[in-house]
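Read through the structure below, which is laid out as structure tokens, and then see the notes.
The values are calculated or read from the model by the stated rules, or taken from the named source; none is laboratory data. A quick note: this is a predicted structure, and the numbers were derived from the prediction, not measured. Counting neighbours? That spans all protein chains shown, and the Cβs are built from the backbone with ideal geometry, glycine included.
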Amino acid sequence: MEILRKEMKLRGLSTIGLAIKINVSKQTIYNWIEARCVPTAQYAGALKNLGFSDTACLQPSKDVEVE
């Protein structure tokens, strides 16, 4: 499971919920998860402010084990 998706689940955030919180489109979140692009510094900072890990902010599509 991708790290961003896993951390969203841990925080009870849906794709649209996270998109609203950091003011991006739902499609942008999907693009990060699917490795079509990565967050800019501005959005990586917004994710970090919400408590997301450095890996989720900089490598959102990285595969991780589900705990």
Exercise for the section: Only residues in segment 26-54 that are part of a loop (DSSP other than H, G, I, E, B) and at pLDDT 95 or above count as the first member; pair them with residues that are exposed (fewer than 11 other Cβ atoms within 10 Å of the Cβ) and not basic (Lys, Arg), Cβ under 6 angstrom, at least 6 apart or cross-chain, and list the lot. Expected result: none
Completion exercise
Among residues of segment 1-25 being touching a Lys or Arg at 6+ places or on another chain (Cβ under 7 Å) and part of a helix (DSSP H, G or I), the residue nearest to Phe52 (Cα to Cα) is Ile3
